[in-house]
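Below is one structure; the comments refer to it alone.
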Amino acid sequence: MLTAALPGTVAVFCYLASAFRQSQTLSGHRRPARGLVLWLGLVAVISHAFSLTALIFMPEGLHLSFFKVSSLVCFTISLLILLSSVWRPLENLFVLLFPVAAVAEMAALVMPAGSAPRADFDSGLIAHVLLSILAYSVVTIACMQAILLTIQERALRHKRTIGVIQVLPPLETMETLMFQMVWVGLVLLTLGIASGFLFVEDIRNQHIAHKMFFSILAWFVFTALLIGRHRLGWRGTTAIRWTLGGGILLLTGYFGSKLVLELVLERI
């Protein structure tokens, strides 16, 4: 556990330090320090990776309990956002994301496991798990973009052009990025659902029937959103609501059901 605790603690500290420094820029209290914020984020993500390796990969098998998978998803989101920030000004998302990643990592370190390690993961099942985690992560990024778009639209509607609005990219750029994330998320979700049907032998006994149900519902929501965008020109509030609706369905399907199974019913 010590091998996970030390890098995990470093990750928590660097996540919070990066988010706090960027929040000072957003509030206008200090000048931008993009290099420092990105470097702190990089150290946090690397430390998080070492901690997760020790927490999940065990001699008995893979330990994919609720809190550890939550931390893994937060790590994946953090990594994707950090890499994207090299080319796009996305470090403002750190203020929303990094504190959540810090809390998820702390929970993975200190909370009871909730389930036993599993050694029955073949390559197909591992591919399904990885595709699902990537889909959840990208969709979460799209939802964060939707939240920022909501804040940005309301501020512009009320002619508040100081503070957060000054450091966010133009509204059109933010919306374009959100739809890009939805496209990528839909592709990954499609592959995740398909791999689930292909590689999971007994969906009911694996306790993922409810997850597949919510995932398919989310797939229809995101597909409808992209069709509406292409044919009807959906954007603004309509696009934001559909994005958040699909994201809530998808995250509820996995995390909601896993929370009930592990922490309420005490089942794997």
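Across the stretch 217-231, computed HN-Hα scalar couplings (Karplus, 6.51 cos²θ - 1.76 cosθ + 1.60, θ = phi - 60°) run 4, 4, 4, 5, 5, 5, 5, 4, 4, 5, 5, x, 5, 6, 9 Hz from first to last residue, x flagging Gly and Pro. Amide H contacts of M58 (H built 1.01 Å from N, in plane; Pro and chain starts excluded): H63 sit under 5 Å, all sequence-distant by 5 or more or on other chains. Listed values for the stretch 65-77 are Karplus-derived 3J(HN,Hα) couplings in whole Hz (6.51 cos²θ - 1.76 cosθ + 1.60, θ = phi - 60°), namely 6, 4, 5, 6, 5, 4, 5, 5, 5, 4, 4, 4, 4, and x replaces Gly and Pro.
Which FRET efficiency value, to the nearest 0.05, do you get for T53 and S27 by plugging their Cβ-Cβ distance into 1/(1 + (r/R0)^6) with R0 = 41 Å? The pair T53/S27 has a calculated efficiency of 0.70. With a Förster radius of 35 Å, plug the Cβ-Cβ distance of Q180 and I46 into 1/(1 + (r/R0)^6) and report the FRET value to the nearest 0.05. The formula returns an efficiency of 0.85 here.
Rounded to the nearest whole Hz, the Karplus-based 3J(HN,Hα) values (6.51 cos²θ - 1.76 cosθ + 1.60, θ = phi - 60°) of the stretch 80-94 follow the sequence 5, 5, 5, 5, 5, 5, 5, 9, 10, x, 10, 5, 5, 5, 4, with x at glycine and proline.
Values in this text are rule-based calculations from the coordinates and carry no lab data. Remember, it's a predicted structure, so these values are computed and weren't measured experimentally. Ideal geometry is used to build each Cβ from the backbone, glycine not excepted, and the neighbour counts take in all protein chains shown.
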